[in-house]
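The values are calculated or read from the model by the stated rules, or taken from the named source; none is laboratory data. All of these numbers come straight from a predicted model, not from anything done at the bench. Positions of Cβ are backbone-derived with ideal geometry, glycine not excepted, and every protein chain shown enters the neighbour counts.
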Amino acid sequence: MRILITGVTGKLGARLVETLNDKHEIIGFGSPELDIKNFNEVMTTVSRENPDLVVNAAAWTDVDGCALDPDKAVTINGFGAQNLAIAAYEVGASILHISSNEIFDGKSRQPYREYDQPNPANAYGYSKYVGERSVIESNPRHYVIRSSWIFAHKGKNFVHAIINAARARKPLRVVIDEVANPTYNDDLAEAIARLVDSGRYGTYHLTNEGTVSRYQFARYILDKSGFGSTPIEKISIHEWQRPSRPPVYSGLANMLGRHIGIRMRDWREAVDDFLQKEGLLISS
């Protein structure tokens, strides 16, 4: 299969190139090479490359930035996705779009399933919801993937931030009432590869199994990386001042993926594997 992937300079996009390259022909574009906001540029590029599948891993993921400039967020995350979906449709290709747990409002107390009603609680979530709807309405051959709290090798992520703060003996304050699914970037890419091979279109929740609070996540990371004695101050989400407030509870249930045999391991196993590959795993 010939696959065009956007956002290949990002962590998930780069990992998808590595994962899918074994079985498929990959054409990758970063944001400098392809501006997904530009409809004519997208149409020209997709028409020229003539892929069988377009994977949209490009996004503006600065959640606080989206709150400060919601129009920019919708233009990139919403209409950029629409441009790719239309262009894919025009050449007979399918579209795979990466979305987010933040399309939900956080008022549930049990994991959201794929067909629960979205109700974005912030500008980032709204922009991702616009992207979802645009993809679904523009191309019937679509995969919409929702994930959450992705941590990856290289670059900034929550796991490294917690360990680096502990190593520098900085005070740690972590919220106890923001809950979701930590997701290992490598596991997510593998699950997406399996979904692409299945040809089963639809909306999927692909996360590592299990929900946890930010505080519990941080505590587990420290305990497993040799910083078990490092204290963490528990705070509420309302005490952490920022331009954008995430949904309090946005755990996702992998109902459809499980139905077709795609299931991801427990988040603790994934964190252990990540830490081991980083040379940070101390306790077994």
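Kindly provide the set of residues from segment 231-248 that are part of a loop (DSSP other than H, G, I, E, B), under 25 Å from the mean Cα position of the chain (by Cα) and not charged (D, E, K, R), ordered by number.
Looking only at segment 231-248, we keep the residues that are part of a loop (DSSP other than H, G, I, E, B), and these are 231-232, 236, 240-248.
Among the residues that remain, those that are also under 25 Å from the mean Cα position of the chain (by Cα) are: 236, 240-248.
If the condition is that a residue be part of a loop (DSSP other than H, G, I, E, B), under 25 Å from the mean Cα position of the chain (by Cα) and not charged (D, E, K, R), then 236, 240, 241, 243, 244, 246, 247, 248 are the ones that fit.
Looking at residue 154 and the list (1) modelled with pLDDT under 95; (2) part of a helix (DSSP H, G or I); (3) not polar (S, T, N, Q), which single condition is not satisfied?
With respect to (1) modelled with pLDDT under 95; (2) part of a helix (DSSP H, G or I); (3) not polar (S, T, N, Q), residue 154 is out only on (2).
Considering only segment 135-170, state which residues are closer than 30 Å to residue 232 by Cα and of a type in the set (D, E, K, R).
Initially, segment 135-170 is screened for residues closer than 30 Å to residue 232 by Cα, giving 146-170.
Answer for segment 135-170, where residues must be closer than 30 Å to residue 232 by Cα and of a type in the set (D, E, K, R): 146, 154, 156, 167, 169, 170.
Does residue 273 meet the test of being farther than 28 Å from residue 113 by Cβ and surrounded by fewer than 16 Cβ atoms within 10 Å (Cβ to Cβ)? Show your work before the answer.
Numbers: farther than 28 Å from residue 113 by Cβ: no; surrounded by fewer than 16 Cβ atoms within 10 Å (Cβ to Cβ): yes.
Spelling it out, it is not the case that residue 273 is farther than 28 Å from residue 113 by Cβ and surrounded by fewer than 16 Cβ atoms within 10 Å (Cβ to Cβ).
Residue 41 fails exactly one of the following numbered conditions: (1) in contact with a helix residue (DSSP H, G or I) (Cβ under 7 Å, 6 or more places away or on another chain); (2) over 19 Å from residue 195 (Cα atoms). What is the number of that condition?
(1)
Within segment 34-67, track down each residue that is within 28 Å of residue 148 (Cβ to Cβ), acidic (Asp, Glu) and out of contact with any Pro (no Cβ under 8 Å at 6 or more places or on another chain). Working first, answer last.
Step one: of segment 34-67, the residues within 28 Å of residue 148 (Cβ to Cβ) are 34-37, 42, 51, 53-67.
Okay, now just the ones that are also acidic (Asp, Glu), so 35, 62, 64.
Selection gives 35, 62.
For segment 210-258, which positions are farther than 21 Å from residue 116 by Cβ, touching a helix residue (DSSP H, G or I) at 6+ places or on another chain (Cβ under 8 Å), among the polar types (S, T, N, Q) and modelled with pLDDT of 95 or more?
225, 230
Checking the structure you have, find out if any residue of segment 11-19 is touching a residue at least 24 places away in the same chain (Cβ under 8 Å), part of a helix (DSSP H, G or I), of a type outside the set (Phe, Trp, Tyr) and over 17 Å from residue 192 (Cβ atoms). Break it down stepwise before answering.
Filtering segment 11-19 for residues touching a residue at least 24 places away in the same chain (Cβ under 8 Å) gives 11-13, 15-16, 18-19.
Those still in the list that are part of a helix (DSSP H, G or I) too: 11-13, 15-16, 18-19.
Subsequent filtering for residues that are of a type outside the set (Phe, Trp, Tyr) retains 11-13, 15-16, 18-19.
With the extra rule that they be over 17 Å from residue 192 (Cβ atoms), the set shrinks to none.
No, segment 11-19 has no match at all.
Which of (1) touching an Asp or Glu at 6+ places or on another chain (Cβ under 7 Å); (2) surrounded by 19 or more Cβ atoms within 10 Å (Cβ to Cβ) does residue 242 not meet, given it meets every other one?
(2)
From the set of residues in segment 160-178 that are closer than 30 Å to residue 17 by Cα and aliphatic (A, V, I, L, M), which is surrounded by the most Cβ atoms within 10 Å (Cβ to Cβ)? Before the answer, list the steps.
Quick first cut of segment 160-178, residues closer than 30 Å to residue 17 by Cα only: 160-164.
Pick out the ones that are also aliphatic (A, V, I, L, M) and you get 161-163.
Working: 161: 14, 162: 23, 163: 21.
Going through the qualifying residues, I end up with 162.
Out of (1) assigned to a helix (DSSP H, G or I); (2) surrounded by fewer than 20 Cβ atoms within 10 Å (Cβ to Cβ), what's the single condition that is false for residue 228?
(1)
Residues that are of a type in the set (S, T, N, Q) and either surrounded by fewer than 24 Cβ atoms within 10 Å (Cβ to Cβ) or out of contact with any Lys or Arg (no Cβ under 8 Å at 6 or more places or on another chain) (or both), at least 1 per element: which helices (runs of 4 or more DSSP H) completely within segment 41-139 meet that? If you could, list the steps in order and put the result at the bottom.
Numbers: elements: 63-68, 70-73, 80-90, 123-138.
Filter on segment 41-139 gives 80-90, 123-138.
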